[in-house]
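Worksheet for the structure shown next.
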Amino acid sequence: MMNYQDSQRMSKQSAEKAFASTEVKCICEALVSIAFYESDWKWAQNKCLEFLHNENPEIRGLAATCLGHIARIHRQLEKEKVLIALRGYLDDDAISGQVEDALDDIDMFLK
């Protein structure tokens, strides 16, 4: 698993460029950046939801984690939409722990 603690702020344009890449590291760095720094939380949420369906489990898992970060940092999400999407991955053995953590974050930070 990669370490994203030193995430750098990316513009939407840079993030979109990274998302169009086929490189897992680029996509993951962009996901973390938008979760932490993007003021347009709904755009960030929707990008995370998009990558929650990715075939790569590292990207899927990080997308779930980043949804929890958005809830924690921005205190906003389209809660029902996100909960439905995340719950659909509780049986995905590769990312179920990350999904559970994201669900816990959403429960804690979005009342």
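For the reader, a short list of remarks on this structure follows.
- Lys/Arg +1, Asp/Glu -1 at C-beta; the chain dipole; positive extreme among GLN76, ILE106, ALA94: GLN76
- Option label - Cα Rg over 2.2 N^0.38 Å computed here, alternatives [x] 1.00; [y] 0.95; [z] 1.15: [y]
- Prolate/oblate/rounded label for segment 43-84 (Cα gyration tensor, a/c 1.5): prolate
- Each Lys and Arg adds +1 at its Cβ and each Asp and Glu adds -1 at its Cβ; summed about the Cα centre, the chain shows a dipole of about 500 debye.
- For the residue pairs LYS25/LYS81; LYS12/LYS42; LYS25/LYS47; LYS12/LYS111; LYS25/LYS79; LYS17/LYS47, the C-alpha atoms sit more than 19 angstrom apart in LYS25/LYS81; LYS12/LYS111; LYS25/LYS79.
Each reported figure results from applying straightforward, stated rules to the coordinates on display, with no laboratory input. Remember, it's a predicted structure, so these values are computed and weren't measured experimentally. Methodologically, a virtual Cβ is constructed for each residue, glycine included, from the backbone with ideal geometry; neighbour enumeration extends over all protein chains shown.
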